[in-house]
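Here the structure is laid out as structure tokens; the discussion comes afterwards.
The values are calculated or read from the model by the stated rules, or taken from the named source; none is laboratory data. Predicted, not measured: the structure shown is a model, and the values here were computed from it. Neighbour counts are summed over all protein chains in view; Cβ atoms, including those assigned to glycine, are modelled from backbone coordinates with ideal geometry.
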Amino acid sequence: MQWRIWVRAITFVTLLVVLALFTVSSDPVVAGHKNYELNPGSISVPILNYHMVSDLNIPLSLSAENFDQQMKYIYDNGYTTITPDQLMANMKYGKPLPEKPVMITFDDGYLDNYTTAYPILKKYGQKAVFFLITANIGVDHRFMNWQQAREMSDNGMIMQSHTVNHVNLKKISTEAASQELADSKRIIEENLGRPVRYLAYPEGGVNKSTAQLAKDAGYRGAFSVRFGEASADSNFYAIERIPIFGSSKTYRSFFLRLNAAPVLERFGLIR
């Protein structure tokens, strides 16, 4: 029976949670601030990381049907999508979040984010964060234009930075990286009339130097591709996310990653 399989899975995950309490991150770049004692109200938040919602048969793309199914699950199971500002206020100061918070993020700013993902998000009353490659917006036909980005921004979606040219900041000079960060922030603010406070690193290109550059450029926080949930223990300039990929078992993968992935990842069972 299918219900027995789920009971066994939940029991297994519960045991892993207990074991996970004894594990900590030792990565000096992503190890966090250990603010739980100062901010007892801080909780762990899953941040889902998407790219495309289309019929392309590649891991970075989900079908519209799959994405709709996932957003319906979030809606039906009482999750509340939150903004980066809400997340940061909880991480830093323990400011309360809604019950079962989750953040939905999209990298790059593809056109299908507007034509396909956006209507589904509206259908279920969800908000999402879109990290834009500014050099492609309104230039490359595969990406949304500024009018579309503005419409989304005016209707509850959050547009933030994914740099100008989607370059790995660790692989370019300090001056070039600073320019990428400053220019992308300025371009989005000029086109949408809203503040840009957050960044997603292209290719996950974060180390101590790039994190400091993001801070110096005026970003309040930045998101990495390191697997895990965001919490007071997260580095505010290397916040963990959970990638969602398209596959033959997309929904099962989504379910596990949303509900148990951080624990499973600690034991090398999921990536």
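So the values come out like this:
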| quantity | calculated |
| --- | --- |
| Subset of the range 158-178 [in a helix (DSSP H, G or I) and under 13 Å from Asn207 (Cα atoms)] | Leu169, Lys170, Lys171, Thr174, Ala177 |
| Flag if Ile187 is farther than 16 Å from Asp107 by Cα and not in a strand (DSSP E or B) | yes |
| Where Glu99 falls short, out of the listed (1) part of a loop (DSSP other than H, G, I, E, B); (2) closer than 22 Å to Val225 by Cα; (3) out of contact with any helix residue (DSSP H, G or I) (no Cβ under 7 Å at 6 or more places or on another chain) | (2) |
| Selection status of Asp85, in contact (Cβ under 8 Å) with a residue 24 or more places away in the chain, under 18 Å from the mean Cα position of the chain (by Cα) and under 19 Å from Gly246 (Cβ atoms) | no |
| Flag if Asn165 is surrounded by fewer than 17 Cβ atoms within 10 Å (Cβ to Cβ) and either closer than 21 Å to Tyr198 by Cα or acidic (Asp, Glu) (or both) | yes |
| Within the range 69-96, tally of residues that are among the aliphatic types (A, V, I, L, M) and touching a Phe, Trp or Tyr at 6+ places or on another chain (Cβ under 8 Å) | 4 |
| Count of the range 205-235 residues which are at pLDDT below 95, of a type outside the set (Asp, Glu) and in contact with a Ser or Thr (Cβ under 6 Å, 6 or more places away or on another chain) | 2 |
| Unmet criterion (only one of (1) surrounded by 23 or more Cβ atoms within 10 Å (Cβ to Cβ); (2) touching a Leu at 6+ places or on another chain (Cβ under 8 Å); (3) part of a loop (DSSP other than H, G, I, E, B)) for Tyr237 | (2) |
| Residue list for the range 69-94, restricted to those being at pLDDT 95 or above, in a loop (DSSP other than H, G, I, E, B) and not hydrophobic (A, V, I, L, M, F, W, C) | Asn77, Gly78, Tyr79, Thr83 |
| Search result, residues across the range 136-157 that are assigned to a helix (DSSP H, G or I), buried (at least 16 other Cβ atoms within 10 Å of the Cβ) and not basic (Lys, Arg) | Trp146, Gln148, Ala149, Met152, Ser153 |
| Residue check for Glu190: surrounded by 16 or more Cβ atoms within 10 Å (Cβ to Cβ) and of a type in the set (D, E, K, R) | no |
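Here is a yes/no grid of residues against (1) part of a loop (DSSP other than H, G, I, E, B); (2) crowded, with 20+ Cβ neighbours inside 10 Å; (3) touching a Ser or Thr at 6+ places or on another chain (Cβ under 9 Å); (4) not small (Gly, Ala, Ser):
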position	(1), (2), (3), (4)
Asn113	no, yes, no, yes
Tyr118	no, yes, no, yes
Lys122	no, no, no, yes
Phe130	no, yes, yes, yes
Thr134	yes, yes, yes, yes
